[in-house]
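Contents: one structure, followed by commentary.
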Amino acid sequence: MSAPQATRTTALHAGAWWLWALGLATAASRTTDPLLLGLLVGVAGYVVAARRTDAPWARSYGAFVKLGLVVIAIRLVFAFVLGSPIPGTHTLVTLPEVPLPDWAKGVRIGGRVTAEGMVFALYDGLKLATLLICVGAANALANPARLLKSLPGALYEAGVAVVVAMTFAPNLVADVQRLRAARRLRGRPDRGFKALLQVGLPVLEGALERSVALAAAMDARGYGRSAEVPPAVRHLTSVLTLGGLLGICAGTYGLLGDTGGGYGLPLLLAGLAAALAGLWLGGRRSVRSRYRPDRWGVRAWLVAGSGIAVAALMIWANDYAPAALHPPAVPLTAPVLPLWPAASVLVGLLPAFVAPLPSSTDRADRAVSPGRAPVVDPRPKEPTQ
């Protein structure tokens, strides 16, 4: 099945990318093998490189990778300075130990730094970094505006508030840049606290004018209207939504933990069912229509299913072969890439082949500022020789 060019009708649902990325993150939480974690990072990076656009949010993947490296460095520094609970026999260096009072037993600063403790810290930091990189892949691939557009009716007001904030933030940055350029053209300083105060007042005035215009437009379109719902339905909606969210949190914690795989998945599914029922009942009070709703097609099922399959296969592998997914730090041994878990991780490459290709218009959107028309040179071009 060849992938088509991404258009408004064939674009992949943003929720499919998030389900795929969360599946990879769940798989990363079930192992500390650096080879498997590196393979997960490679799978996420390959899909991002193959299917991301040139939109502003698509550049966030590199920031998440840098954040992951910072997390690894911080984890190693903490293990080096504060020690590690992992016993070891290979001493790397002995630091001067700071004496602590009796109430701080179990905590030490300095002392003996072992190779086993540093390896354990490296595995632990790499695991957390992989989780962050998987989330960064979802941020780089999923259009946030289209994701908010797909929110259920019960979350309509919250979605509109987030969309307004996302729309106004680039305009504020553009206003600041425009005013600073105007000050430079007039020979006035554009840096410093005094210049910031003089620029801030026009920016605030423009933001208030846009807010008033937006409020008038929303009022003219009937924003805020709600249908009459019986009190019993409202109470049932609150109970289902709150209970479903608690079930989702507990189930996610069970899936991400090392010992909660047995109850995590059933609790997560029950929480999702309750939350969806609550959101469906809550959407009955929202009288609105949806313009060009995003469709959840076959390709969205394949993308989301590949991430879920990676998570399910890794959880199953963690049950029948836990030693293969958790290489010991004591004694020091070289990590080995297990065959079947590695093959299950490669299932996550499916979106790179079935997801729609980024369109040329998406790549051209980078040159257009938010809320502005593209700048066109009105002068006629000279004919080439």
Practice item. Sort out which residues of the range 92-126 are over 24 Å from Leu332 (Cα atoms), touching a Gly at 6+ places or on another chain (Cβ under 9 Å) and charged (D, E, K, R), and write them in order of number. Key: Glu97
Check your understanding: Which is modelled with pLDDT of 80 or more and touching an Asp or Glu at 6+ places or on another chain (Cβ under 8 Å), of Thr94, Thr130, Thr114, Thr89?
Key -> Thr89
Practice item. Give, as residue ranges, the helices (runs of 4 or more DSSP H) completely inside the range 304-362 that count at least 3 residues that are over 24 Å from the mean Cα position of the chain (by Cα). Key: 322-325, 339-345
Review point. Take the residues of the range 24-83 that are among the basic types (Lys, Arg) and in contact with a Leu (Cβ under 8 Å, 6 or more places away or on another chain): which is least open to solvent (accessible area, probe 1.4 Å)?
Key: Arg30
Check your understanding: Would a scan of the range 100-107 turn up a residue that is over 23 Å from Ser306 (Cβ atoms), β-branched (Val, Ile, Thr) and open to solvent by less than 50 Å² (accessible area, probe 1.4 Å)?
Key -> no
Exercise for review: For Thr361, indicate whether it is more than 30 Å from Leu151 (Cβ to Cβ) and modelled with pLDDT under 85.
Suggested key: no
Practice item. Kindly indicate the residue of the range 13-23 that is hydrophobic (A, V, I, L, M, F, W, C) and open to solvent by less than 20 Å² (accessible area, probe 1.4 Å) and also modelled with the lowest pLDDT among those meeting that condition. Key: Ala14
**Study point:** Filtered residues of the range 309-335 (kept if under 21 Å from Leu269 (Cβ atoms) and in contact with a Leu (Cβ under 9 Å, 6 or more places away or on another chain))
**Key:** Ala309, Val310, Ala311, Ala312, Met314, Ile315, Ala317, Asn318
Exercise for review: Please work out if Thr10 is of a type in the set (Ser, Thr, Tyr), part of a strand (DSSP E or B) and either in contact with a strand residue (DSSP E or B) (Cβ under 7 Å, 6 or more places away or on another chain) or open to solvent by 30 Å² or more (accessible area, probe 1.4 Å) (or both).
Suggested key: no
Check your understanding: Does Arg30 meet the test of being within 24 Å of Leu346 (Cβ to Cβ), modelled with pLDDT of 85 or more, in contact with a strand residue (DSSP E or B) (Cβ under 9 Å, 6 or more places away or on another chain) and of a type outside the set (A, V, I, L, M)?
Key -> no
Practice item. Determine which member of the set Leu246, Leu214, Leu269, Leu279 is under 30 Å from Leu172 (Cβ atoms), assigned to a helix (DSSP H, G or I) and modelled with pLDDT of 70 or more. Key: Leu214
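The values are calculated or read from the model by the stated rules, or taken from the named source; none is laboratory data. Remember, it's a predicted structure, so these values are computed and weren't measured experimentally. No Cβ is skipped: glycine too gets one built from the backbone with ideal geometry, and neighbour counts run over all protein chains shown. The area values use the complete protein model at the heavy-atom level, side chains included, leaving out ligands, DNA and RNA. Shrake-Rupley method; radii C 1.70, N 1.55, O 1.52, S 1.80 Å.
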